[in-house]
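Let me begin by presenting the structure, written as structure tokens, before commenting on it.
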Amino acid sequence: MKRDSKDKNKNKKNIEHRPRRSRGRLVIGVLEVNPRGFGFVSSMGIPDVYIAEDDMDGAIHGDRVKVVVYGGKGKPYGKIRKILSRGTSEIVGLIRRVGNKFHLIPLNRRYNFTLLLDDEGEFEENQVAVAAIERYPYFPNPGVGRVVKVLGSEGDPRVGILALMEEYKISADFPREVVEEAERLSELSTFYCAPGERKDLRKKVALTIDPSDAKDFDDALSIEEVEEGWLVGVHIADVSEYVRPASQIDIEARQRSFSVYLVDRAIPMLPPRLSSDLCSLIEGKDRLCLTVEMVLNHRGELLRYKVIPSVIRVRKRLTYEEAQEVLDGRNTFGEEIDGVLQRLSRVAKKLYSGRKKEGMVEFDFPEAKVVLDEEGRAVDVRVVERIFSYRIVEHFMILANSVIAEYVFNSDIQAIYRVHERPDREKLEQLRRILASMGIEIKRINRSNRTINRLLKRVEGLPFKRLVHTLVLRSLSRARYYPVCLGHFGLALKYYLHFTSPIRRYPDLVVHRIVHELIKEERSLKEPYSFEELKDIASYASIMEEKADELEKTSVKMKIVEYMENKVGECFKGVISWITHRGIFVELDNTVEGFVSKESLDSWGDFYYDEDDFSLKGSKGMVFRLGDMVDVQLVEVDKSANGICFRLI
């Protein structure tokens with residue numbers, strides 16, 4: 001039935017008098033929840049969308065959600081309208097009894113809820129366990145879960161790392177079919193390949209130089225003096241000879257993408273039969289390699305090279321410390337081994353000098369080494385300085401990687417490159433402003449290696465040198481894998497990829513397969529990988545690398561917090577490493593970092609955060625800036641949140 005014009009006008013009038021509500025736009029992204037309750041939804045192409053705790057509509061950390069977004073481009077806020085998919089189906093937590101019921105309290109505080117546990121199951125209070133979520137929480141009701149795995153008691157020092165592995169979905173165990181396939185490979189002779197396919201380099205004096213606790217040896221080095229200068233051999237374990245595409249081992253390796261090195265254990269990418277045995281370049285054992293033979297002149301400049309499938313036999317396995325003792329004249333392994341080390345050292349210094357002239361950006365970050373006792377408890381935190389023997393290996397690996405990258409690029413075959421793009425202008429401008437707040441005045445920071453190096457040189461010898469190096473690193477792009485050669489800003493190289501660690505990095509294994517295709521006498525018309533395949537592998541590997549890095553750092557932080565638990569009440573000297581509206585972070589000489597809350601500064605005055613010069617300013621004239629040296633007392637350690645709390649003294 002048609003309305004008359006009078007009815008239409010009446011309805012129009014009523015609509016005009018209703019309060020108008022701003023229309024939001026729909027965005028799909030992943031929810032990241034802050035331990036304090038609120039969260040952000042990350043989506044491509046827009047700033048992170050703020051989500052209040054009351055506007056999550058049952059979503060939890062990691063869920064993929066649809067959000068209605070309001071506000072401008074600067075600081076948008078939103079409300080979750082729909083949960084598209086859940087980010088997790090299992091939660092790691094601590095079992096507590098509440099009344100006559102058992103609850104699981106998530107260890108990760110981003111999951112700000114509890115799970116009511118099914119009474120059936122072999123678990124006890126104060127155990128750490130993994131629970132499958134059977135009903136997701138919806139405020140004010142808790143979720144419901146079922147214990148699927150008990151990791152151990154709360155007080156066991158090893159349980160925290162096991163919980164971390166469960167949280168990140170990293171397993172030390174391999175599927176049965178992968179283990180069985182690896183065992184079948186162990187029955188093959190080293191020389192199962194056809195005669196003449198590999199060059200016999202077993203008489204070369206090849207050395208491995210690795211950490212003292214290493215179990216997988218990817219690379220070995222040899223060097224001889226020749227008329228033109230030096231003949232250098234970089235021998236890399238030929239994992240591709242054992243791990244064939246689409247095999248069970250290959251599928252698992254691609255899924256893992258990297259070996260993960262936690263504070264108390266290594267979780268290999270390949271099953272131990274390969275990573276620690278068949279593929280590992282073990283002293284005195286015949287092993288298959290891809291060798292990059294390079295002739296360098298006396299200035300350390302590359303004259304020519306060739307890539308050879310080979311068989312080598314490592315003459316000596318050395319640790320970094322043992323190699324350094326020989327270079328310092330404090331130890332000897334005989335004239336032959338000592339001679340090789342001295343020649344490698346001389347050439348590495350020339351390579352290093354050449355790279356510095358080209359603009360290589362070099363950071364100086366002392367590494368925190370957590371010392372554990374036999375039960376896995378942290379008993380000390382030491383700063384490990386990088387000795388020159390590290391650089392020997394590092395610079396020969398960079399040389400081999402860059403040579404292979406140029407070789408592959410010029411061969412017009414698709415590959416995965418290691419790319420590091422120039423820094424973002426906005427990030428460099430923010431860095432300039434932060435440095436200005438510390439008293440380091442710079443008119444402009446250009447997007448060039450030399451500008452970055454001049455800045456790093458300027459803070460040499462200053463007490464906040466380490467802080468400035470950290471701030472500069474944060475301002476640079478993150479290196480990633482990509483199927484297009486874009487160069488490497490940090491190394492100042494036009495061509496670069498990863499070739500030298502195929503036991504522990506899947507992109508290296510892919511490159512090995514590509515190199516094998518190039519050195520065949522009769523090259524196939526079909527390339528080993530399509531561009532889309534390489535793009536998928538590169539993208540996934542970049543994500544997994546970031547995940548592995550985060551896991552490794554978190555495991556170290558967990559043990560540092562455990563170590564500091566026995567230091568409550570002690571006083572330390574430190575440097576202000578970051579400032580927020582909530583307070584300041586202070587880093588100690590041994591790299592331990594803790595937080596001083598703004599509330600704990602009440603006796604010093606009322607403080608506010610000045611965003612313009614990145615400082616915390618007080619009503620009584622006190623100002624705290626980045627790089628300031630301060631004295632602090634440890635007042636609290638929160639193991640559940642990996643938190644360390646200081647107060648200023």
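The values are calculated or read from the model by the stated rules, or taken from the named source; none is laboratory data. Only a predicted model underlies this, so the values are computations on that prediction, with no experimental measurement involved. Backbone-built Cβ (ideal geometry, glycine too); neighbour counts: all protein chains shown.
Select, from R64, R96, R86, the only residue that is closer than 23 Å to E562 by Cβ and among the basic types (K, R). The conditions single out R96. Of all residues in the stretch 586-627, those that are assigned to a strand (DSSP E or B), farther than 16 Å from F646 by Cβ and hydrophobic (A, V, I, L, M, F, W, C) total 1. For residues that are under 20 Å from R432 (Cα atoms) and either aliphatic (A, V, I, L, M) or modelled with pLDDT of 95 or more (or both), tally how many sit in the stretch 611-622. Going through the stretch 611-622 one residue at a time, the tally reaches 1. Quick one: would you say L486 is hydrophobic (A, V, I, L, M, F, W, C), surrounded by 15 or more Cβ atoms within 10 Å (Cβ to Cβ), at negative phi and touching a Leu at 6+ places or on another chain (Cβ under 9 Å)? When the stated conditions are applied, L486 does not pass them. The single condition from (1) of a type in the set (D, E); (2) in a helix (DSSP H, G or I); (3) closer than 25 Å to R454 by Cβ that E336 fails is (3).
When the criteria are applied in full, Y495 meets the requirement of being closer than 20 Å to S402 by Cα, part of a loop (DSSP other than H, G, I, E, B) and among the hydroxyl-bearing types (S, T, Y). Would you confirm, using the coordinates I've provided, whether E32 is over 32 Å from the mean Cα position of the chain (by Cα) and either surrounded by fewer than 19 Cβ atoms within 10 Å (Cβ to Cβ) or closer than 17 Å to V147 by Cα (or both)? Taking the combined requirement at face value, the residue does not satisfy it. Note on the stretch 599-632: residues that are over 31 Å from the mean Cα position of the chain (by Cα), closer than 15 Å to T580 by Cβ and among the basic types (K, R) amount to 1. Identify, please: which residue in the stretch 321-376 is over 28 Å from the mean Cα position of the chain (by Cα) and hydrophobic (A, V, I, L, M, F, W, C) and is, among those, surrounded by the most Cβ atoms within 10 Å (Cβ to Cβ)? Filtering first and then ranking leaves L341. Scan the stretch 405-423 and tell me whether some residue there is among the aliphatic types (A, V, I, L, M), closer than 26 Å to I223 by Cβ and at pLDDT 95 or above. Taking every residue of the stretch 405-423 in turn, at least one turns out to be among the aliphatic types (A, V, I, L, M), closer than 26 Å to I223 by Cβ and at pLDDT 95 or above.
Under the condition of being assigned to a loop (DSSP other than H, G, I, E, B) and buried (at least 17 other Cβ atoms within 10 Å of the Cβ), the residues counted in the stretch 378-393 number 0. Determine whether the stretch 117-132 contains at least one residue that is part of a strand (DSSP E or B) and either surrounded by fewer than 13 Cβ atoms within 10 Å (Cβ to Cβ) or at positive phi (or both). Taking every residue of the stretch 117-132 in turn, none turns out to be part of a strand (DSSP E or B) and either surrounded by fewer than 13 Cβ atoms within 10 Å (Cβ to Cβ) or at positive phi (or both). P502 satisfies every condition listed in (1) surrounded by fewer than 21 Cβ atoms within 10 Å (Cβ to Cβ); (2) under 25 Å from V239 (Cα atoms) except (1). Condition check for S222 on (1) farther than 19 Å from I398 by Cα; (2) among the hydroxyl-bearing types (S, T, Y); (3) crowded, with 18+ Cβ neighbours inside 10 Å: one failure, at (1).
Within the stretch 368-384, being closer than 18 Å to D589 by Cα and free of Cβ contacts under 8 Å to residues at least 60 places away in the same chain holds for K369, V371, V384. In the set K75, K101, only one residue is exposed (fewer than 14 other Cβ atoms within 10 Å of the Cβ) and in the same structural domain as G145 (by TED's automatic domain parsing); that residue is K101. Does L303 meet the test of being touching a residue at least 12 places away in the same chain (Cβ under 8 Å), assigned to a strand (DSSP E or B), over 30 Å from I514 (Cβ atoms) and in the same structural domain as R202 (by TED's automatic domain parsing)? Criteria not met by L303.
Screening the stretch 38-68 for residues that are outside any strand (DSSP E or B) and touching a Gly at 6+ places or on another chain (Cβ under 6 Å) and picking the one that is nearest to R135 (Cα to Cα) gives D63. A search for C-beta distances below 6 Å between a residue of the stretch 613-634 that is under 27 Å from V568 (Cα atoms) and any residue that is polar (S, T, N, Q) and crowded, with 20+ Cβ neighbours inside 10 Å, counting only pairs 6+ apart in sequence or on different chains, returns V623/S615; R625/S615. Restricting the stretch 505-529 to residues that are outside any helix (DSSP H, G or I) and at pLDDT 90 or above, the residue that is surrounded by the fewest Cβ atoms within 10 Å (Cβ to Cβ) is P528.
Restricted to the stretch 42-57, and to residues there that are touching a strand residue (DSSP E or B) at 6+ places or on another chain (Cβ under 6 Å) and not hydrophobic (A, V, I, L, M, F, W, C), the residue that is farthest from Y77 (Cα to Cα) is D57. Looking across V148, V179, V144, one residue alone is within 30 Å of S240 (Cα to Cα), more than 22 Å from the chain's Cα centre (by Cα) and of a type in the set (V, I, T). It is V179.
Just one of the numbered conditions (1) without any contact (Cβ under 8 Å) to a residue 60 or more places away in the chain; (2) of a type outside the set (F, W, Y); (3) outside any helix (DSSP H, G or I) is not true of E532: (3). Within the stretch 452-472, the residues that satisfy the criterion of being surrounded by 15 or more Cβ atoms within 10 Å (Cβ to Cβ) and part of a helix (DSSP H, G or I) are I452, N453, L455, L456, K465, R466, L467, V468, H469, T470, L471, V472.
A single member of F396, F409 is of a type in the set (A, V, I, L, M, F, W, C), surrounded by fewer than 21 Cβ atoms within 10 Å (Cβ to Cβ), in the same structural domain as K369 (by TED's automatic domain parsing) and in contact (Cβ under 8 Å) with a residue 24 or more places away in the chain, and it is F409.
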